[in-house]
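These notes are about the structure you will find just below.
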Amino acid sequence: MPKKTQTETVTLTIDGKTVTVPKGTVAVDAAKTVGIDIPVFCYHEKLGPFGCCRMCLVEVEKMPKLATACTQAVGQDMVIKTDSPKAVKGRQGVLEFTLLNHPLDCPVCDKGGECPLQDNTFEHGPDLTRTEFTRYNRDKAVPLSPVVTIDRERCIACQRCTRYSDIVEQETALVMVNRGFQNRVQTFQDRPYDTRFSGNVVDICPVGALTNTTYRFKSRIWDLDNAETLCAHCGVNCNIVVGVRSNEFMRVQAKSGENSQANDAVDDGWICDKGRFGYGFVESSNRVLKCRNGKGDTLEANDALGQAATQLKKITDEHGPQSVGFIGSPYGTNEELYLYQKLFRQQLGTNNIDFKTYRQTPGLPVEHYDVGDIETSDMVLLIASDPTEEAPVLDLRIKKSVSFFDVKLAVLNDQKTDMDKPAASSLRYNVGSEAEVLSALIEALNDKPVRGLEKTAGIAPKQIKDLAATIQGSGKVCVIYNPAALTGSASDRILELLQTIGGLPDKQCGAIPVAPGTNAVGALDMGAHPNFYPGGLALSDSEKIKTLWGDEAPLQPGLSALEMIQKAASGELKGLVVFRANPVVDFPGGPTVAEALKKLDYLVVHDMLETETTQLANLVLASNGPGYDDGTTTNIGGRVQFRKRSLVREDHPPDWVLISRMIRALDPEAPSYKNSFGVTDEISQKVPGYEAINKNAIKGMGMPRKGSACSEVQGNGAPAAEKSENGALRLRVANYLFAHDKILDASSPLSHHFKSSTVYLNAEDAKALGIETGDEVKVVSGDAEVSAEAEVSDRCNPGAALVPRVSDEQGLMALVGDPDAAVWVQIKK
Amino acid sequence: MISQAFEGIKNLLVGLGVTFKNMLSQPATQCYPEVKREMPARYRGRHFLTRDEQGFENCVGCELCAINCPVSCIHVEAAENTEENRVSLGERYASRYEINLLRCIYCGYCEEACPEDAIILREHYELADYDRDVYVADKEALLVYPKPNEFRVNFLGNTTLKN
Amino acid sequence: MFAFSETSEKEIEKQLVKYPPERKKSAILALLRIAQQQNGYVSAEAMEEIGRRLDLSPAYVESVCSFYTMYYTRPVGKYVIMFCINVSCHLLDCDNLLEHTAKKLNIQVGETTADKMFTLLREECLAECSRAPVMRINNDYHVNLTPQKIDQILDSLK
């Protein structure tokens, strides 16, 4: 793969056409630039040259034999002929061999219709085969994993899948075993091929050998209406193509070279298995299809939203604007969250708007880097983030950058992650000591002496100094961090760190905050924050707020999501709207949150799936959700893209219509929008940073929005980490990609990934507690307890208990109280 | 003058010759519906789905008929054969197969496209009915293969299968 | 569970120093050989262990191991008979000779005798076409084979 910054070019002739391409380009890609299609099987532009299938034979002048265009790097004044009789005959011969044992069962093959082997045979193949032997029969339809099926007869041994597993996924889980006639694609000892990215092999397989088990025989590809849209799971917002047949959901594919141009600025043409197979929720039996009141009576959408609006207004009239609140979700689109904050700020006059339980303010003191910037950086500093579980395709991007673009990766985390493997250096600090570690790093970058951290953070000053030296020695630094995993004042320290790195001489620095949720960046930008208006306008910026939002705009600081729950418990908060969130399970406190919500006079839950929270609601508004609703989302790199609907629901309005009608119910003068882009246009006028965003601008690749200004980075110094008492361990809640929640329910094809509750203990602590791997233990904090299986490992430093969130039933959040304070747990047998 | 008269008489006799010839021959019209016409074997009438010698359906649900149909009157949904439920010999079979006989233009492209010779158009031409719903022929209706001209018209005028 | 013996460990050490540490995966063939020397064949556990030592996925080790026919992935007998079946031998009737051997040992090709003495395998080309038909028993070549000669060789080994 040529480095992207390559500038040297060569000029050559392909089929009489003159081409100028960067040096090092292979002939296949060079031909593509002038519209000449050289057939390939084994070559894939993201995998690089290989040359095992021989499909791309071309004639190169002055070369005695035919050359494979996929491995032939072009040279100055080269003359390539793709259609000379010699080349045509050569390719015909290759195809005859390729088809020697291919079963030609195209009518029953799921790839039929989009199969490169079919297309290439049609265009370049011989009319008849000359072989008289019976075809070699091999295993058909063998499950390679619960979601991928392999048909060994159809395989042409192009090795795209095995090279993908080696080069892109970097697991080398899929390999060719045996040789010659007997060779076959296999995992180690035929174990299931269940990596996080296994589904991509279905997309890149140029024949029908690897197929999607969930799509098996569901339809033929010509039946499908394909919608190019976005994945709605994590914050990467990968581009996907959803295939729909007569308004029924059929399959998800990555938007990649096979169907249309991959969006390299976002996903590089790959998606994770959750994105591909985790779409059961769009047709789940657990969906909220109709609005209903607390008694369970079904309501028409218009009546329901009218009731919600008037009731909330009534509460504000009686108890003041501070008595209502809105808890949104990072899973909403920009339009939905924008309209909700408008409803609460303009119509109800409150700033009680939030979407998260961690601390984060809009804006960064440095540039907000796009995902593509990772490749061009000299160094990536990964802080407290576990991309493999939290934003999988980012994991692929980092691995690619490290392997092919010589990017140095430094990991700073309190747990062992898959990113330690590609990392040049990886430091593991004690759980809860991130503020201290970051402070020390800032000091080291400012060339101040670094205080001793061994006792509190488990890191030697020298390690911090080395890390600082690496940062100082790198020209372009990209900091990737997870704001949700930073406790205490670390959320301020990270901004201070960014400011410090950005302030170093001759330094380019940018950051990518990777918070959980599809649209966490967009939610912050849309003002789903108690202290910030859309576009990161702080409440102190009253003049600007007044010009944009009118003189009535509330300027009193609002309540955060957790404060709202507290006020609900104390009875001060009367009305609450919960949009696509499930506080009863996901918020710290667990059952106590349910108690608080029960005390509310009026709880409106706007969601697409039945949750523990919808059970408590006085009014449930049905949400169509991803798949059915149009809208834009802003990904972790600040890129705004359009999430097109792929399915149609005519019996229920989209969320943006529903919310705008709520606004109109209170203010008949409020605008009504023709389509979701109408709201987008209003966002571009009202939200600083989104000025350039409109329907045409975000077509195709999407468009980065301008990051909002950062509010003053607050003061220095971090309190020393709290000390444990009575041998209690500090709890770290980790993430697991395939958690068994409402989105991935028991019927999900990914259910084989579900894990049982596990607590990871360091060997030191385990020894002191007398616990061994496999023991059934209870993780206890106060009254709450969670049962788990113990695993003794080096996943975290001594003094901590790491528990991944694996399911809703696990009830893990019940252990957590105030997320800012340390959570101490006892491990009991 | 004489030659002209001779020519006239000759023409008259030739013309009458045709008349007399037809007086003696069988009439071309048939007393339908009492008499049914034998259609040529390759006549494109109603569609049928075929079975093989073992009684398995030939159709594998590949939908090539549906994509080739110029009026999109065929709808197919496929499913996988299992050991317990084997419908066709291949991996898949058509779990749903419907043809809208009203929309169909009887062009025979589906027959042409079928890789398994599973769909055929035969000589059955009596397709009239009073009920439009009947015209969406499902698998059950298509898998029956009646011998030619075994339809009869009942007293309401509906075309039904004899016996 | 598979574990390298002390002698094997010493051998491994000797092999690993031959390669730069960042290219230690090059030692895979040597380690496979050592594992086979120790146990007679390369078991799945051995492949996993080799993968751990060389930072390779076990699947990759299996891929390499299965490519070479002289690494055995199943237990083999004391004598491994490899029968060439390529062109020269084929023309000189190796098929019948192979069948003859199989019948004599009372096993199928690819199997091991019950007394764990002989394993009979097919092999593509043993590079001894001038003296075809050929078979190889452990490290010895036996050439210009006839049924009588095979009987004689096998009897001498029993």
Please tell me if residue A:521 is β-branched (Val, Ile, Thr) and more than 26 Å from the chain's Cα centre (by Cα).
no
Odd one out for residue C:50 among (1) outside the structural domain of residue C:33 (by TED's automatic domain parsing); (2) modelled with pLDDT of 95 or more
(1)
Exception for residue C:101 within (1) within 14 Å of chain A (Cβ to nearest Cβ); (2) in contact with a strand residue (DSSP E or B) (Cβ under 7 Å, 6 or more places away or on another chain); (3) not charged (D, E, K, R) falls at (1)
Can you pull out the helices (runs of 4 or more DSSP H) entirely within segment A:420-480 that have at least 3 residues that are aromatic (Phe, Trp, Tyr)?
none
Scan (1) within 14 Å of chain A (Cβ to nearest Cβ); (2) over 19 Å from residue A:178 (Cα atoms); (3) in contact with a Leu (Cβ under 9 Å, 6 or more places away or on another chain) for the single condition residue C:52 breaks and write down its number.
(3)
Select, from A:525, A:541, the only residue that is of a type in the set (D, E, K, R), under 30 Å from residue A:637 (Cα atoms) and surrounded by 23 or more Cβ atoms within 10 Å (Cβ to Cβ).
A:525
Residue under evaluation residue C:95, criteria (1) assigned by TED's automatic domain parsing to the domain that holds residue C:138; (2) among the acidic types (Asp, Glu); (3) touching a residue at least 12 places away in the same chain (Cβ under 8 Å), criterion not met:
(3)
Output the residues belonging to segment B:8-31 that are surrounded by 10 or more Cβ atoms within 10 Å (Cβ to Cβ) and either assigned to a loop (DSSP other than H, G, I, E, B) or in contact with a strand residue (DSSP E or B) (Cβ under 9 Å, 6 or more places away or on another chain) (or both).
B:30
What do you reckon, is residue A:200 within 19 Å of the chain's Cα centre (by Cα), at positive phi and crowded, with 21+ Cβ neighbours inside 10 Å?
no
How many residues does segment A:102-136 contain that are out of contact with any helix residue (DSSP H, G or I) (no Cβ under 9 Å at 6 or more places or on another chain), surrounded by 15 or more Cβ atoms within 10 Å (Cβ to Cβ) and either closer than 22 Å to residue A:58 by Cα or away from every other protein chain (no Cβ under 14 Å) (or both)?
2
I'd like to know if segment A:219-229 contains one or more residues that are polar (S, T, N, Q), in contact with a Lys or Arg (Cβ under 7 Å, 6 or more places away or on another chain) and either farther than 20 Å from residue A:146 by Cβ or outside any strand (DSSP E or B) (or both).
yes
Return the residues of segment B:103-139 that are at pLDDT below 90 and not in a loop (DSSP other than H, G, I, E, B); say none if nothing qualifies.
B:120, B:121, B:132, B:133, B:134
Could you go through segment A:683-694 and let me know if any residue there is under 25 Å from the mean Cα position of the chain (by Cα) and in a helix (DSSP H, G or I).
yes
Provide a single number: the residues in segment A:99-147 that are of a type in the set (Phe, Trp, Tyr) and over 24 Å from residue A:220 (Cα atoms).
2
All but one of (1) on the phi < 0 side of the Ramachandran plot; (2) surrounded by fewer than 15 Cβ atoms within 10 Å (Cβ to Cβ) hold for residue C:127; state the number of the condition that does not hold.
(1)
Determine which member of the set B:93, B:97 is more than 13 Å from residue B:73 (Cα to Cα), surrounded by 14 or more Cβ atoms within 10 Å (Cβ to Cβ), at pLDDT 90 or above and within 14 Å of another protein chain (Cβ to nearest Cβ).
B:93
Please verify whether residue A:480 is over 24 Å from residue A:709 (Cβ atoms) and crowded, with 20+ Cβ neighbours inside 10 Å, treating the condition exactly as stated.
no
Selection within segment A:75-89 - within 15 Å of residue A:63 (Cα to Cα) and surrounded by fewer than 20 Cβ atoms within 10 Å (Cβ to Cβ)
A:75, A:76, A:77, A:79, A:81, A:84, A:86
When you check residue A:509 against the structure, is it crowded, with 24+ Cβ neighbours inside 10 Å and touching a Ser or Thr at 6+ places or on another chain (Cβ under 8 Å), yes or no?
no
Can you confirm whether residue B:55 is within 11 Å of chain A (Cβ to nearest Cβ), farther than 25 Å from residue A:225 by Cα and at pLDDT below 95?
no
Quick one: count up the residues across segment A:190-208 that are more than 14 Å from every other protein chain (Cβ to nearest Cβ) and outside any helix (DSSP H, G or I).
6
Strands (runs of 3 or more DSSP E) wholly in segment A:1-95 with at least 2 residues that are not β-branched (Val, Ile, Thr) - which ones?
A:17-22, A:57-60
Note on segment A:366-391: residues touching a helix residue (DSSP H, G or I) at 6+ places or on another chain (Cβ under 8 Å), surrounded by fewer than 23 Cβ atoms within 10 Å (Cβ to Cβ) and closer than 30 Å to residue A:730 by Cα are A:388
Sole residue being of a type in the set (A, V, I, L, M, F, W, C), over 21 Å from residue A:54 (Cα atoms) and without any contact (Cβ under 8 Å) to a residue 24 or more places away in the chain, chosen from A:148, A:142
A:142
Identify all residues within segment A:150-175 that are aliphatic (A, V, I, L, M) and either away from chain C (no Cβ under 12 Å) or under 20 Å from residue A:103 (Cβ atoms) (or both); write none if there are none.
A:150, A:156, A:157, A:167, A:168
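The values are calculated or read from the model by the stated rules, or taken from the named source; none is laboratory data. Values in this document were obtained by computation on a predicted structure and should not be read as measured data. Positions of Cβ are backbone-derived with ideal geometry, glycine not excepted, and every protein chain shown enters the neighbour counts.
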